[in-house]
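Below: one structure, written as structure tokens.
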Amino acid sequence: MGTRAGGRRTGPKCIAIVGPFASGKTTLLEAILARTGAIPRQNPVSSGNTVSDHSPEARAHAMSVEASIATTEFMGEQFTFIDCPGSIEFSFEAEPVLAACDVAVVVAEADEKKIPALQLIMRKLDDLGVPRILFLNKVDKAIAGVRDTLKMLQPTSAAPLLLRQIPLRKDGVVIGSIDLALERAYIYREYAESEVAEIPGDDKARELEARFSMLETLADHDDELMEQLLEEIEPPKDAIFDDLAADLREGAVTPVLIGTAEKGNGVLRLLKTIRHDAPDIEATRKRLGAPDGNATVVQVMKTIHTPHGGKLSVSRILSGQVADGSELWLPGGDTAKVSGIYRMLGKEQVKLSAARTGDTVALGKLDAVKTGQTLTSAKGGAKQLFDVEPPQPVFAFALRPRERKDEVKMSAAIQRLAEEDPSLSLRHNQDSAETVLSGHGEMHLRVVRERLEGKNQILVEGHAPAVPYRETIRKPVQQRGRHKKQSGGHGQFGDVVIEIKPLPRGSGFQFTDTITGGVVPKTYIQSVETGIRDYLKSGPLGFPVVDVAVNLSDGSYHAVDSSDMAFQMAAKLAMKEGMAACSPVLLEPVMKVEIVTPSDATSKIIALIPQRRGQILGYDARPDWPGWDVVEATMPQAEIGDLIIELRSATSGVASYRAVFDHMAELTGRLADEAMNANGKAA
Ligand SMILES: Nc1nc2c(ncn2[C@@H]2O[C@H](COP(=O)(O)OP(=O)(O)OP(=O)(O)O)[C@@H](O)[C@H]2O)c(=O)[nH]1
Ligand SMILES: [Mg+2]
């Protein structure tokens with residue numbers, strides 16, 4: 001044993017697999033499951049037969065679109081791996097998973113384009129305080145040396161990247177690896193355990209150099225090791241292993257292992273590292289601030305609606321145990337009864353009678369329970385350990401079922417999908433009578449739509465949501481309105497003179513009267529205002545009217561024939577004629593936009609702002625984000641609808657934006673005509 005608390009932690013572990021898009025996460029999970037015997041053989045992702053990515057949506061787009069859970073056994077212990085999607089549009093899936101896992105395996109590759117995506121992930125892990133191992137994948141096709149690759153990747157990580165293995169090459173081709181802690185060579189065999197070998201003489205010098213640099217990094221947190229290095233004493237192997245484990249758990253370093261997931265190479269070393277070095281549930285509980293005591297505490301990581309089994313809440317048992325049928329308290333004080341406990345292997349489930357501390361299982365039929373919630377056996381409910389806060393949506397479309405009869409079915413299905421995916425939001429826009437679905441990108445919403453059509457058999461139509469245009473006037477006008485009807489018995493009579501005048505932007509509507517001598521009685525003044533407000537719902541251009549003042553200056557009434565309705569009619573008549581003469585103009589909402597982007601794409605982003613009628617307010621380094629900028633601009637809402645698509649394509653998928661309403665601005669010319677035409681058709 002070394003001097004530090006590096007001893008192995010036993011018990012079930014939960015490991016999140018994260019990393020930039022298409023880095024090989026799903027391939028790695030498949031390799032792990034094959035290597036540990038959970039599945040008979042490793043299937044390539046292209047076969048569509050992997051344990052993860054079995055959904056038709058994932059297959060159609062050749063990418064993971066949701067987290068996939070698989071429990072396996074390795075050397076007598078239980079490990080649950082959760083393969084998270086790499087695309088930024090689905091990145092929110094990983095958050096509740098990362099919160100309750102013990103360690104993350106970050107799958108990366110030697111690709112400069114994916115550095116910003118890797119940086120986003122590493123920061124998320126820092127924010128959540130999750131220890132991590134970096135698995136440098138695809139070494140089969142790597143041209144650059146591993147140490148150069150690490151230099152390239154280091155800026156993405158706050159903690160030093162600590163190389164634990166170097167590749168063993170023959171004629172330039174990677175044929176195995178050398179483990180720097182064990183000082184052993186491993187010759188890769190496809191889909192099989194590597195063959196242990198002596199380090200070839202030619203590689204010895206390289207190995208010693210890399211090993212020394214590993215030890216130097218470890219010595220930064222171990223004075224005894226530092227002294228041994230200075231005095232050129234060979235440190236005991238156990239002490240090195242203890243340091244490696246302790247530094248990983250404390251987040252002091254990010255150990256780096258290498259391999260080729262596609263051929264199952266490097267997988268066993270990774271598993272052994274996880275088994276030996278990963279922290280256990282105790283550390284995870286501490287990180288989350290879970291309460292001490294005897295109560296059962298459960299953290300929900302994901303919600304799934306299965307076609308037959310109903311709702312499943314994939315959960316980590318942080319403490320205590322859960323038996324089938326037991327009651328759990330929700331944070332608010334409600335309770336839910338566990339009906340079914342399952343061990344997961346992708347879409348397959350095996351029923352269990354109970355789950356113990358550290359297990360990651362699916363709990364059945366917890367109807368009121370949501371992803372991210374903390375449940376407990378303690379009466380009254382637990383403190384919520386982790387807040388699920390999805391980022392602001394960046395893409396939206398308005399949705400309706402192709403057939404009217406599907407309306408109720410569609411809204412129920414969307415509710416279920418939103419429960420599975422808290423980053424999806426749904427609202428009804430009163431203005432346009434549209435159901436608007438918002439999410440994190442075009443692909444995100446496309447997948448939602450495919451799920452509606454596939455899983456739920458509802459054909460839907462989607463289009464860009466309506467922009468909330470308004471209209472106002474540019475000129476004042478005085479106008480009389482008379483409503484007079486004599487048809488049999490009671491007549492109708494109302495007569496008003498109004499002054500309409502423009503107001504400054506953002507003033508809304510103001511109504512006044514300067515009636516003297518009771519020429520229009522008080523109650524009818526009220527009717528005039530009501531009539532005008534009603535008219536303002538749709539002005540001469542067909543949009544709600546804003547920033548207008550109307551003063552009732554004169555009028556007359558009839559003791560018998562005047563009525564509330566008659567004065568409302570007179571007011572509307574006056575408005576209709578008067579407004580048309582006030583030089584009406586369309587107003588469009590303009591947003592203040594804040595775009596975050598890797599600095600090397602800043603000039604591209606700045607160039608696209610004027611193309612979208614935007615105005616650049618400025619740009620600067622993003623505070624606390626080395627290598628990133630923030631660009632501030634104003635931009636009409638109509639131009640923001642598909643902004644994210646362009647931002648993402650300019651930045652390998654990582655730029656994003658936030659927008660808040662800023663002001664209304666006049667819109668004239670062709671674009672105004674188009675808006676009015678579209679509105680006319682919709683009405
Ligand atoms: N050359 C090489 N290719 C690999 C390796 N591992 C995975 N790939 C390929 O990389 C591509 C992406 O693999 P996936 O496993 O789907 O990647 P992923 O990280 O799960 O992707 P997302 O979940 O969509 O982010 C596939 O074409 C794989 O065949 C590897 O070790 N070497
Ligand atoms: Mg994947």
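Quick rundown of the values:
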item: First in region 162-185 and within 11 Å of P255 (Cβ to Cβ), second anywhere and part of a strand (DSSP E or B) and among the polar types (S, T, N, Q), Cβ under 9 Å, 6 or more apart; result: L162/T254; Q165/S177; L180/Q165; A181/Q165
item: Extreme residue, nearest to the chain's Cα centre (by Cα), among residues of region 456-493 that are aliphatic (A, V, I, L, M) and farther than 29 Å from Q637 by Cα; result: I458
item: Residue in region 541-558 that is closer than 30 Å to P610 by Cα, surrounded by 22 or more Cβ atoms within 10 Å (Cβ to Cβ), in contact with a Phe, Trp or Tyr (Cβ under 8 Å, 6 or more places away or on another chain) and of a type in the set (V, I, T) present; result: yes
item: Filtered residue count, region 133-145, keeping only those that are more than 17 Å from K263 (Cβ to Cβ) and surrounded by fewer than 20 Cβ atoms within 10 Å (Cβ to Cβ); result: 3
item: Output for region 313-364, where each listed residue is among the aliphatic types (A, V, I, L, M), touching a Lys or Arg at 6+ places or on another chain (Cβ under 9 Å) and within 30 Å of P56 (Cα to Cα); result: V314, V338, I341, V350, L352, V361, A362
item: Any hit, region 591-601, residues being assigned to a loop (DSSP other than H, G, I, E, B) and either in contact with a Leu (Cβ under 9 Å, 6 or more places away or on another chain) or over 25 Å from D662 (Cβ atoms) (or both); result: no
item: Evaluation of V130 against (1) within 10 Å of ligand 1 (Cβ to nearest atom); (2) at pLDDT 95 or above (one fails), failing number; result: (1)
item: Count of residues meeting criterion [among the hydrophobic types (A, V, I, L, M, F, W, C), more than 16 Å from ligand 2 (Cβ to nearest atom) and either within 17 Å of Q154 (Cα to Cα) or buried (at least 23 other Cβ atoms within 10 Å of the Cβ) (or both)] in region 118-129; result: 3
item: Enumeration of residues in region 130-146 that are touching a residue at least 24 places away in the same chain (Cβ under 8 Å) and of a type in the set (D, E, K, R); result: R132, K138, D140
item: Members of region 73-117 that are among the aromatic types (F, W, Y), under 18 Å from the mean Cα position of the chain (by Cα) and within 15 Å of ligand 2 (Cβ to nearest atom); result: F90
item: Long-range neighbours under 6 Å by Cβ, at least six apart or interchain, first residue farther than 14 Å from T303 by Cβ within region 358-372, second at pLDDT 95 or above and assigned to a loop (DSSP other than H, G, I, E, B); result: G358/P12; D359/P12
item: Matching option when the condition is surrounded by 23 or more Cβ atoms within 10 Å (Cβ to Cβ) and under 30 Å from I143 (Cα atoms), among V298, V253; result: V253
item: T149, sole failed condition from (1) surrounded by 23 or more Cβ atoms within 10 Å (Cβ to Cβ); (2) under 19 Å from the mean Cα position of the chain (by Cα); (3) without any contact (Cβ under 8 Å) to a residue 40 or more places away in the chain; result: (2)
item: Residues of region 623-649 that turn out to be in contact (Cβ under 8 Å) with a residue 24 or more places away in the chain and closer than 22 Å to F397 by Cβ, as a count; result: 14
item: Residue that is over 27 Å from the mean Cα position of the chain (by Cα) and either within 13 Å of L134 (Cα to Cα) or modelled with pLDDT of 95 or more (or both), where the choices are I233, I274; result: I274
item: Tally, over region 34-57, of residues that are more than 9 Å from ligand 2 (Cβ to nearest atom), among the polar types (S, T, N, Q) and under 17 Å from V107 (Cβ atoms); result: 1
item: Condition broken by E639, with the remaining ones in (1) among the acidic types (D, E); (2) outside any strand (DSSP E or B); (3) in contact with a Leu (Cβ under 7 Å, 6 or more places away or on another chain) satisfied; result: (3)
item: Verdict on S23 being at pLDDT 95 or above and within 16 Å of ligand 2 (Cβ to nearest atom); result: yes
item: Lone qualifier among A70, A31, A60 - being away from ligand 2 (no atom under 13 Å from the Cβ), of a type in the set (A, V, I, L, M, F, W, C) and touching a residue at least 24 places away in the same chain (Cβ under 8 Å); result: A60
item: Neighbours by Cβ (under 9 Å, 6+ apart or cross-chain): first from region 81-106, charged (D, E, K, R); second in a strand (DSSP E or B) and within 10 Å of ligand 1 (Cβ to nearest atom); result: D83/I17; D83/V18; D83/S68
item: Lone qualifier among V585, V528 - being outside any helix (DSSP H, G or I) and either among the hydroxyl-bearing types (S, T, Y) or surrounded by 15 or more Cβ atoms within 10 Å (Cβ to Cβ) (or both); result: V585
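The values are calculated or read from the model by the stated rules, or taken from the named source; none is laboratory data. What you see is a predicted model; the values in this text were computed from it and never measured. With ideal geometry, Cβ positions are generated from the backbone for all residues, glycine too; neighbour counts draw on all protein chains shown.
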